[in-house]
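The values are calculated or read from the model by the stated rules, or taken from the named source; none is laboratory data. For clarity, every value in this text was computed on a predicted model and none was experimentally measured. Quick reminder, even Gly has a Cβ in these numbers, built from the backbone with ideal geometry, and neighbours come from all protein chains shown.
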There are 2 protein chains.
Amino acid sequence: MNQMRILDIKQSIYENNDQQADLLRQMLKDRKTFLLNLMSSPGSGKTTTLTQTINQLKNELKIGVMEADIDSDVDARKISETGVSVIQLHTGGMCHLDADMTKQGLSGLGIDELDLAILENVGNLVCPAEFDTGSSKNAMILSIPEGDDKPLKYPLMFSIADVLLINKIDVLPYFDFDLEACKDRAKKLNPNIKIIPICAKTGEGISEFADWIRKEVSEWNRY
Amino acid sequence: MNQMRILDIKQSIYENNDQQADLLRQMLKDRKTFLLNLMSSPGSGKTTTLTQTINQLKNELKIGVMEADIDSDVDARKISETGVSVIQLHTGGMCHLDADMTKQGLSGLGIDELDLAILENVGNLVCPAEFDTGSSKNAMILSIPEGDDKPLKYPLMFSIADVLLINKIDVLPYFDFDLEACKDRAKKLNPNIKIIPICAKTGEGISEFADWIRKEVSEWNRY
């Protein structure tokens, strides 16, 4: 099941991304595949978080991962060590993925038997928030070193995320980061957002994130 | 001289950004104003670095700062405490600034008597690298918590930067970050890039960055 390939994504030809996203979401629902779109700044710990989370879920869910990057295959190599299917998507300089690009990635990955497809979006706190990928749910990571003011400066990302992982909680003592203020700012933008402090390096908080995914996958397949 | 205003930037109407950038650069050269474009991921320490650098230079150079953000005026407020002119540019969701948007910002800031204009670009390691702002030189920050693999994943940004500040060097012991490997990766993309490790919080390395700016401003006004 361990696969590692590279796919060059083509720019979308569709004008109406929201429509394409809805079509993709319905197709995924029909096939009982849950698509999680994971977004964050560069270097906030998306890949390490995924590795830990996959290791908690891979024995109960069939998982496939799309690693989107401008260049390199560093992340896909790391994910492939978990043993799940993975494909590296090269965006050709594009700063985000839209629904059609995600669909190209899913075709490359192959979703026929997947319960959970994960898109690790391009590291960027701005553009990916503006394009519906067709995902079932959106997750985002903010890491402690980035600062507690990020919800004020990148409000759209925090508004469209269903779950916010606050990563690198182990280095909280070394940074001026007000965890409660950050949570309040995120909740003000998005009262329903679920917030989970984690440390992807040590695994702290990952069980709670894995539980959230289990619940969401189960609800996705219920209706 | 302390001013803090907010300007809503309009999207560019020009098709040829490179041409607009060259025109702006020539105009700035004629007026003997050096424009520094500072780029990085969200939360890598642009504003703190600028505050420290401005404090070292403000008695010898007339400085004005443009703070570009999707939303909020947090950064402009911090910069205004240094006493230099500052304007907050709201990009209306745009993930970068191009030459025309920069020109709008400079008009709002007023550059008649400025030796050094600084643009703090939108926090984003992808899009700002793709658009020439008309700057005299480009500076970028990579912070230790972001990881030493960033030159592999965001090569364009490292290719167009004249100087790379490696920030948060004080937390190096707490992260898996290979400083020499990171420098080698950046130099491989851009052999002429100047690399300065700094800690904006404590001021370490800021004198070397200030010296680099002094030299560049002096050369800008020589020819």
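Taking A:V163, is it β-branched (V, I, T) and at the interface with another protein chain (Cβ under 10 Å from one of its Cβ atoms)? Judged against the criteria, A:V163 is not a match.
Of all residues in segment A:33-92, those satisfying the criterion of being within 12 Å of chain B (Cβ to nearest Cβ) and of a type in the set (V, I, T) are A:T47, A:T48, A:I70, A:V74, A:T91. How many of the residues making up segment B:62-83 are charged (D, E, K, R) and either out of contact with any strand residue (DSSP E or B) (no Cβ under 8 Å at 6 or more places or on another chain) or in a loop (DSSP other than H, G, I, E, B) (or both)? Number satisfying all stated conditions: 5. For segment B:45-58, does any single residue satisfy the condition of being at negative phi and charged (D, E, K, R)? Checked against the condition, which is being at negative phi and charged (D, E, K, R), segment B:45-58 yields at least one hit.
So the check is Cβ under 8 Å with 6+ separation or different chains; which pairs have a first residue in segment B:45-68 that's closer than 14 Å to B:L165 by Cα and a second one that's of a type in the set (S, T, Y)? That search, which allows pairs on different chains as well, returns B:G45/B:S143; B:K46/B:S40.
Criterion first (on the phi > 0 side of the Ramachandran plot and within 14 Å of chain A (Cβ to nearest Cβ)) does B:S143 satisfy it? So B:S143 fails the test. Inspection of segment B:100-111 identifies at least one residue that is of a type outside the set (S, T, N, Q), farther than 18 Å from B:K215 by Cα and in contact with a Phe, Trp or Tyr (Cβ under 9 Å, 6 or more places away or on another chain). Criterion first (at pLDDT below 95 and away from chain A (no Cβ under 11 Å)) does B:L114 satisfy it? Criteria not met by B:L114. Cβ-Cβ contacts under 7 Å between residues 6 or more apart (or on different chains), taken from a first residue in segment A:119-130 that is within 7 Å of chain B (Cβ to nearest Cβ) to a second residue that is part of a loop (DSSP other than H, G, I, E, B) and of a type in the set (S, T, N, Q), are listed as A:V122/A:T91; A:G123/A:S41; A:N124/B:N124; A:L125/A:S41; A:V126/B:N124. Surrounded by 12 or more Cβ atoms within 10 Å (Cβ to Cβ) and either more than 22 Å from B:S159 (Cα to Cα) or modelled with pLDDT under 95 (or both) - does that describe any residue in segment B:173-185? Looking through segment B:173-185, at least one residue is surrounded by 12 or more Cβ atoms within 10 Å (Cβ to Cβ) and either more than 22 Å from B:S159 (Cα to Cα) or modelled with pLDDT under 95 (or both). Quick one: would you say B:Q52 is within 24 Å of B:G205 (Cβ to Cβ), out of contact with any Pro (no Cβ under 9 Å at 6 or more places or on another chain) and not hydrophobic (A, V, I, L, M, F, W, C)? Yes: the conditions hold for B:Q52.
Does B:T82 count as in contact with a Leu (Cβ under 7 Å, 6 or more places away or on another chain) and not acidic (D, E)? Taking the combined requirement at face value, the residue does not satisfy it. When restricted to residues that are free of Cβ contacts under 8 Å to residues at least 12 places away in the same chain and either farther than 18 Å from A:T48 by Cα or in contact with a His (Cβ under 7 Å, 6 or more places away or on another chain) (or both), segment A:193-223 contains 5. How many residues does segment B:175-223 contain that are under 14 Å from B:L164 (Cα atoms), of a type outside the set (A, V, I, L, M, F, W, C) and in a loop (DSSP other than H, G, I, E, B)? Total satisfying the criteria: 4. Looking at segment B:153-175, is at least one residue without any contact (Cβ under 8 Å) to a residue 24 or more places away in the chain and not basic (K, R)? Among the residues of segment B:153-175, at least one is without any contact (Cβ under 8 Å) to a residue 24 or more places away in the chain and not basic (K, R), which makes the answer yes. Scanning segment B:197-219 for residues that are under 20 Å from B:V171 (Cβ atoms) and surrounded by 14 or more Cβ atoms within 10 Å (Cβ to Cβ) yields a count of 11. Being buried (at least 21 other Cβ atoms within 10 Å of the Cβ), among the aliphatic types (A, V, I, L, M) and closer than 30 Å to A:F158 by Cα is a condition met by no residue of segment B:10-33. The residues of segment B:33-61 include none that are under 11 Å from the mean Cα position of the chain (by Cα), polar (S, T, N, Q), under 21 Å from B:E113 (Cβ atoms) and assigned to a helix (DSSP H, G or I). Here the strands (runs of 3 or more DSSP E) wholly within segment B:84-148 that include at least 2 residues being over 14 Å from the mean Cα position of the chain (by Cα) are B:85-90. Tallying residues that are in a loop (DSSP other than H, G, I, E, B) and more than 14 Å from A:A139 (Cβ to Cβ) within segment A:157-174 yields 1. Does segment A:171-189 contain at least one residue that is closer than 16 Å to A:N37 by Cβ, away from chain B (no Cβ under 14 Å) and among the basic types (K, R)? No, segment A:171-189 contains no residue that is closer than 16 Å to A:N37 by Cβ, away from chain B (no Cβ under 14 Å) and among the basic types (K, R). Selection within segment A:119-161: residues that are at pLDDT 95 or above and polar (S, T, N, Q). The member of this set that is surrounded by the fewest Cβ atoms within 10 Å (Cβ to Cβ) is A:S159.
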